[in-house]
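Chemist: Here you go, one structure.
The values are calculated or read from the model by the stated rules, or taken from the named source; none is laboratory data. Model, not experiment: these values are computed from the prediction. Methodologically, a virtual Cβ is constructed for each residue, glycine included, from the backbone with ideal geometry; neighbour enumeration extends over all protein chains shown. Only protein heavy atoms, including side chains, enter the accessible area calculation; ligands, DNA and RNA are left aside. Shrake-Rupley method; radii C 1.70, N 1.55, O 1.52, S 1.80 Å.
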Amino acid sequence: MSRFVHTYEQAIEFLFGRINYERVTGIAFSSDDQKLVRMRRLLEQIGNPHEGLKVIHVAGTKGKGSTSAMAAAILTASGYKTGLYTSPHVSAFEERMVVDGKPPSARQFVDLVNRLIEPIEHMDGATEGPGPTYFELATALAWLYFRDCGADLAVLEVGLGGRLDATNVCDPHISVITNISRDHTNILGNSPAEIAGEKAGIVKAGIPVISGVGPGPAADVVEAVCRRHQSALYRLGGEIFWRPCRDDESKRARSIELTSASTHSRNLTQGRAIDVQTPWGEWSGLKVPLRGDHQADNAALAVAAATFLRKVGVPLPDSAVEAGLSGMRWPARIEVLGTRPTVVVDAAHNWASTHALLRALDQDFSAASRRILVFAATRDKDVAGMLRLLLPRFDSVVLTQYQSNPRGVPIDELAALVQATAIRSCHVAADPALAWSLASHLAACDDLICVTGSFFIASELRELILDCQGGGANKIERPDTDAVCS
């Protein structure tokens, strides 16, 4: 007899009891297609809720979540009921699945999970192999929620890789590969070409592809896969490009000048303005809602993906592009949570995203007197590579280990990496709460505290920092609402 859940907490506990590749320390994917076979079997048992949706499917090493969120915001601004599926979540599991920015309520979430329990028990008892994993269930829940809400369109972010990812059973109208760099090397391969082969596994026969992959071996692989599948390829820097808006560049230069003149001011403007050209339209002065030059690349890809849908019968007014981007918010992506001291939380977790974070700090926060780093990382990442970038750019370093995931690198291992990388002293804190307390104590009003290294540390400390804003010794000043990049 099926055991149904009755509360939100029970539903979450049930999901976390499944195999979770976001949490286990050793991961090995088979080279066969079994994972997708299992996902298809699960979807069949719940009525194939993924069928009939017009889909944008987004893979990549860096920027796929931001690109997905911006594309979904444009589609929502166009008046379409739009589902967005991303991972991992920052604060609550149901953030992974939203329709027009709204996740399921607690009651809806319990109902969704209960509708999966009987199919799961049936598959668990079958002879074909283990039942569905945590991520497969999350993906199925998203599709059920999208169908319940009557979604017209959906933007799906790949969780890991692409070829064997649970989202890859979708039937997309356009596929997007944002960027390729070294990440999850124990799973996807050590070279850019190997990683590109996994990411390009989302390419379907005859389905166009938008690529933000820069020139090199990875781009060569993507192009070869597209030729093999006879899929039209539209490249950032080729058929799709952006340039800084001239008016915005002069404003940014003046802002940097003013910011440098006073250590008490902070450049908290969101993003930048760019001009974008795609085969499906041109836009001038689009406001990129997220900080960092890399987000201009992501915005251009999002605009191209959303407006491509015009070719498959989805009318989309030019005005929706500007409206969608201007209203979009995305937490833990160079997100400013406070001033005096300035507090930035970012989910950078590989070399490429760390490099992008540092560029954004140099551009937007050059007035900070001192920089304090709060850092924790995950075992399967290039932690030494991230530290080589970060350590020379910070005056003080606080190492910690997040509590929500067993894949965190132990503090003593992080300290040893710091010593081997930079031969410098650092502070250690047993948990994120102590790390935040120590960083707050070290920081003066004109300093900057940056939390980074993993989605998990960004999530845990983001919640703690927001709680601290309610009062107490660690209270910080929040920027004005229109200055927050979230």
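Chemist: Just name the residue that is farthest from H441 (Cα to Cα) out of those in the stretch 359-380 that are open to solvent by 30 Å² or more (accessible area, probe 1.4 Å) and either among the hydroxyl-bearing types (S, T, Y) or within 21 Å of the chain's Cα centre (by Cα) (or both).
Modeler: In this case the residue turns out to be R379.
Chemist: Let me spell it out: the conditions are (1) surrounded by fewer than 18 Cβ atoms within 10 Å (Cβ to Cβ); (2) within 17 Å of R462 (Cβ to Cβ), and A384 meets all of them except one. Which number is the exception?
Modeler: All conditions are met except number (2).
Chemist: Collect the residues in the stretch 392-418 that are open to solvent by 70 Å² or more (accessible area, probe 1.4 Å), in contact (Cβ under 8 Å) with a residue 40 or more places away in the chain and closer than 23 Å to S181 by Cβ, keeping them in residue-number order.
Modeler: Result: no residue meets the conditions.
Conditions tested, residue by residue: (1) assigned to a helix (DSSP H, G or I); (2) closer than 16 Å to A332 by Cα; (3) among the hydrophobic types (A, V, I, L, M, F, W, C); (4) at pLDDT 95 or above.
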residue: S404; (1), (2), (3), (4): no, no, no, no
residue: L414; (1), (2), (3), (4): yes, no, yes, yes
residue: Q419; (1), (2), (3), (4): yes, no, no, no
residue: L464; (1), (2), (3), (4): yes, yes, yes, no
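Chemist: Next question, about the same structure. Using beta carbons and a limit of 7 Å, which pairs, at least six apart or on different chains, have the first residue in the stretch 270-296 and farther than 20 Å from T307 by Cα and assigned to a strand (DSSP E or B) and the second one of a type in the set (V, I, T) and open to solvent by 10 Å² or more (accessible area, probe 1.4 Å)?
Modeler: Final answer for the pair search is none.
Chemist: Would you confirm whether or not the stretch 122-130 contains a residue that is part of a helix (DSSP H, G or I), in contact with a Phe, Trp or Tyr (Cβ under 8 Å, 6 or more places away or on another chain) and farther than 30 Å from K311 by Cβ?
Modeler: No.
Chemist: How many residues does the stretch 68-115 contain that are open to solvent by 20 Å² or more (accessible area, probe 1.4 Å) and in a loop (DSSP other than H, G, I, E, B)?
Modeler: Residues that pass the stated criteria total 12.
Chemist: Please find, within the stretch 328-343, the residue that is surrounded by the fewest Cβ atoms within 10 Å (Cβ to Cβ) out of those that are over 16 Å from P289 (Cβ atoms) and among the aliphatic types (A, V, I, L, M).
Modeler: The extreme case among them is L337.
Chemist: Exactly one of (1) farther than 21 Å from T178 by Cα; (2) free of Cβ contacts under 8 Å to residues at least 40 places away in the same chain is unmet by R163. Its number?
Modeler: (1)
Chemist: Just give me the residues in the stretch 86-113 being more than 15 Å from the chain's Cα centre (by Cα), among the hydrophobic types (A, V, I, L, M, F, W, C) and over 11 Å from L144 (Cα atoms), in sequence order.
Modeler: Once the filter is applied, which keeps residues that are more than 15 Å from the chain's Cα centre (by Cα), among the hydrophobic types (A, V, I, L, M, F, W, C) and over 11 Å from L144 (Cα atoms), the stretch 86-113 yields V99, A106, V110.
Chemist: Okay, next question. Looking only at the stretch 419-456, count how many residues are open to solvent by 50 Å² or more (accessible area, probe 1.4 Å), free of Cβ contacts under 8 Å to residues at least 60 places away in the same chain and of a type in the set (A, V, I, L, M).
Modeler: Number satisfying all stated conditions: 6.
Chemist: Same structure again: Out of the residues in the stretch 116-151 that are among the acidic types (D, E) and surrounded by fewer than 18 Cβ atoms within 10 Å (Cβ to Cβ), which is nearest to S78 (Cα to Cα)?
Modeler: Across the stretch 116-151, the extreme among qualifying residues is D148.
Chemist: For the condition under 24 Å from L53 (Cα atoms) and either outside any helix (DSSP H, G or I) or open to solvent by 10 Å² or more (accessible area, probe 1.4 Å) (or both), what is the one hit in L316, L301, L325?
Modeler: Checking each option against the conditions leaves just L316.
Chemist: Within the stretch 334-365, work out how many residues are touching a helix residue (DSSP H, G or I) at 6+ places or on another chain (Cβ under 6 Å) and in a loop (DSSP other than H, G, I, E, B).
Modeler: Qualifying residue count, the stretch 334-365: 4.
Chemist: Among (1) open to solvent by 10 Å² or more (accessible area, probe 1.4 Å); (2) over 14 Å from T452 (Cα atoms); (3) in a helix (DSSP H, G or I), which single condition is L389 missing?
Modeler: (2)
Chemist: Would you mention how many residues in the stretch 283-309 are out of contact with any strand residue (DSSP E or B) (no Cβ under 7 Å at 6 or more places or on another chain), among the charged types (D, E, K, R) and either closer than 17 Å to A69 by Cβ or at pLDDT 95 or above (or both)?
Modeler: Counting residues in the stretch 283-309 that are out of contact with any strand residue (DSSP E or B) (no Cβ under 7 Å at 6 or more places or on another chain), among the charged types (D, E, K, R) and either closer than 17 Å to A69 by Cβ or at pLDDT 95 or above (or both) gives 1.
Chemist: Can you name the residue in the stretch 24-57 that is modelled with pLDDT under 60 and open to solvent by less than 80 Å² (accessible area, probe 1.4 Å) and, of all such residues, is nearest to A154 (Cα to Cα)?
Modeler: Among those that are modelled with pLDDT under 60 and open to solvent by less than 80 Å² (accessible area, probe 1.4 Å), it is D33.
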